Structure formats: C-alpha cells, structure tokens
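Each remark here refers to the structure printed beneath this line.
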Amino acid sequence: MMSVKPRADLDALPSYVAGRSVPGAIKLSSNEAPGGPLPSVAKAIAEAAAEVNRYPDTAVTALTHRLAAKLGLPPERVAVGCGSVSLCQQLVQALCAAGDEVLFAWRSFEAYPVVTHVALATQVRVPLDAAYTHDLDAMLAAITPRTKLIFVCNPNNPTGTAVRREELVRFLDAVPPEILVVLDEAYREYVTDPDIPDGVRFVHERENVATLRTFSKAYGLAGLRVGYLAAPEAVADAVRKVYVPFSVNALAQTAALACLDAEDELLARCASTASERERVRTELLEMGYRVPESQANFVWLPLGDRSLEFAEHTLADKVVVRAFAGDGVRVTVSTPEENDLFLRTARTFPHRDA
Ligand SMILES: *Cc1c(COP(=O)(O)O)cnc(C)c1O
C-alpha cells in the first residue's frame, strides 16, 4: 500500500517547545507581560471583534504607516508579520536558497533552527562565550561564501545578555555587505544599559541591517501575534512577498495601534519590570546562584545538568520556569508578588552552589 510520506528530513526536526502552562501554577516560562491588556486596548479589540466577518487588511496599511513614522523610515522599509517568529521564517525564505547558510549564536532563540531547517537552508551555530554572550568574533570567523543571513538576538533569549554598541559596530563593519544582519530586538523595551544600542539606528545607517520587534512582550499582545521588521527596502519587499495572505489578523492590527496610543503607560510597566529584574538577580546572587546580567524581562540560571531538577523543584511549589536540559533555566520576571514566590522556591533548592 502506498501512503503519504511527509519530507523525511522533518523527522529530525525538533518541534518548537513553548513555555509550559500548568493550571493553578504561576507561569514564568514564556517571557510574557504579567497583566492583561490595558482597558483602552481591550476596548479596541472588542470593537474590532464586531467586524470579524470581514478579512483583515492584508497590506496592514494603517499599522505599517504608523510604525514607519515612529521609526523615521519610509513605509516601504517596514513589514508587519504574524509575530516576529513568522518574520524570521519569511526572512529565511526570502533570502536563502537550499543549502545557503544562516548563522546564529547558540544557545539563542529556539525558532531560528526550525525556520532555517524548514526553508532547506543550513544552520551554522556559534557557541556563546563564557559570559553567555554572543561571541561576535567567532561569528565573523564562521562566515562562508554561502552565508546569507545572520541573526543577532539582542538581548539574547534565553540568557538575557546583550552586546554593546562598540562591539556591535565593529562586527557590522566586518560583515560583508551582501549578508543581512538581523538584530532581533524582541526585548528592546526592557533595556536599561545606555551602551546597548537601538538597532533601528543601524537600519538607518547601513544597507545590510534589519531589526525585528514584537508586540508580544512589552506591549502585552503575545496572544494576538503581531511583530514587525525594519529593513532595507529590497529585503522588506521580499519579506512581504512570502507573507501568508491575511495572517496578521484584524484584532491584532487594531490592538497594536491601540498599544501605540498607550505607549507611555506600557513603557512605564517595562521600567518596573526592569527594576524587579535587578532585585530578582541580586537576591539570586546572594543565594549563591550564578546569574548573568540581564537586559530583558527574564533571568538565566546556568545550572547545567541540574536544570531539569530545578524546574521540577519550582513546579512542586507551583512556579513554572523554562528549563533547557543540560544547559540552564530561564525565568520570566513578573510582578513583585510572583517574583517573591519564585525567589522563595529558589531559596529551598538544595546544593544550589554545588
Ligand atoms: C519572544 C520572542 C520573539 C517574539 O516572537 P513573536 O512571534 O513576535 O511572539 C522574537 N524573538 C525572540 C528572541 C523572542 O524571544
């Protein structure tokens, strides 16, 4: 009997693992904003819901223009996508033929291997350095004639570490101009160190740099799926060509605009999260954990072989964190109350300084 055979190479591909949700437990596993939408945003979503019999604007016109004005770029250079994950996939599809190489640090965002593999491109992973930060010199050394795209996740998910202006400029100066560098800045709004550059500036200044941003984290719209890319015009055009029509839905478009109207309030929340991040990190250091400096809304505990054990320990206390087996644990910074619950369970993990 003949049967349907999906691509054999997909068997080897790990599925994207999302942060777990456990009923009755607090969820610190997906880097989400802790509060629900602002009243103004909830109202805009409810109003838009009355018209869901209509297709969304597939060109995402109003939001694209609004973002372009905010970024100081022409709208042609902005592409909106169904989450920035979708834009990562579109970038690989738009730039890579089979066998072309996509370069990124590892460990970094889990979507990069998946979108690269699905597009039949080749992953080149460059280990983070001893400080859990991008090793930009090693990344430069890993460039080959087949390299088409480099992802630099800044700050890096899941380690929270960030590359600074001077080293990033040196890197960008050295990358050949026909290779696109994508600065994935999903956590940009949580950055407090003035030496961590805003990638949009490089998009203005250079012909081979793009930046990815999302409404999923600081803007609190993870459930609606909307992100955006600022890029050279030819790249943005190509990314729009591989867009799945209508995939940025109408509620997402409306909600994102409402979030931009309420930006000051949302950014003030990020400032509180950033100060909680410093408190959480300080307390963990005092308990004897190693915790790299984070510029995002999460902290990284490089617990190695004890990562899964740590996650089970916190889960027993109804706190869900994100463990990467053999490597470390990522913990989202949330409200002071939820952070206290996490710190309490972290304090009772045995032999944490072993
Ligand atoms: C969360 C995250 C995103 C955002 O993904 P969306 O698809 O916009 O929800 C993008 N990049 C990184 C590194 C992330 O951690």
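Do we have L308 as open to solvent by 50 Å² or more (accessible area, probe 1.4 Å) and not basic (K, R) here?
Judged against the criteria, L308 is a match.
So, L28, is that one surrounded by 10 or more Cβ atoms within 10 Å (Cβ to Cβ), in contact with a Cys (Cβ under 9 Å, 6 or more places away or on another chain) and closer than 22 Å to A186 by Cβ or not?
no
For region 161-170: of the residues being crowded, with 22+ Cβ neighbours inside 10 Å and not β-branched (V, I, T), which is nearest to the ligand (Cβ to nearest atom)?
Within region 161-170, the match that is nearest to the ligand (Cβ to nearest atom) is A162.
Matching residues to (1) in contact with a strand residue (DSSP E or B) (Cβ under 9 Å, 6 or more places away or on another chain); (2) of a type in the set (S, T, Y); (3) within 15 Å of the ligand (Cβ to nearest atom):
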site: A218; (1), (2), (3): no, no, yes
site: P245; (1), (2), (3): no, no, no
site: A271; (1), (2), (3): no, no, no
site: V280; (1), (2), (3): yes, no, no
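Could you look through region 311-344, keep only residues that are under 27 Å from W106 (Cβ atoms) and free of Cβ contacts under 8 Å to residues at least 40 places away in the same chain, and pick out the one that is most open to solvent (accessible area, probe 1.4 Å)?
Across region 311-344, the extreme among qualifying residues is E312.
Step by step: first the residues of region 66-114, then only those that are near the ligand (Cβ under 10 Å from one of its atoms) and assigned to a loop (DSSP other than H, G, I, E, B), then the one that is least open to solvent (accessible area, probe 1.4 Å). Which residue is that?
Result: S108.
How many of the residues in region 181-199 are away from the ligand (no atom under 16 Å from the Cβ), open to solvent by 10 Å² or more (accessible area, probe 1.4 Å) and in contact (Cβ under 8 Å) with a residue 24 or more places away in the chain?
Number satisfying all stated conditions: 3.
Do we have A121 as away from the ligand (no atom under 13 Å from the Cβ), under 30 Å from S15 (Cα atoms), open to solvent by 50 Å² or more (accessible area, probe 1.4 Å) and small (G, A, S) here?
Here the answer is no, as A121 does not meet what is asked.
Select from region 148-160 the residues that are away from the ligand (no atom under 11 Å from the Cβ) and either open to solvent by 10 Å² or more (accessible area, probe 1.4 Å) or among the small types (G, A, S) (or both) and list them in ascending order.
Of everything in region 148-160, just one residue is away from the ligand (no atom under 11 Å from the Cβ) and either open to solvent by 10 Å² or more (accessible area, probe 1.4 Å) or among the small types (G, A, S) (or both), namely K148.
The values are calculated or read from the model by the stated rules, or taken from the named source; none is laboratory data. Just so it is clear, the structure is predicted and the values come from calculations on it, not from any experiment. We place every Cβ from the backbone using ideal geometry, glycine too, and count neighbours over all the protein chains shown. Note: accessible area is taken over every heavy atom of the protein model, side chains too, but ligands, DNA and RNA are not part of it. Shrake-Rupley method; radii C 1.70, N 1.55, O 1.52, S 1.80 Å.
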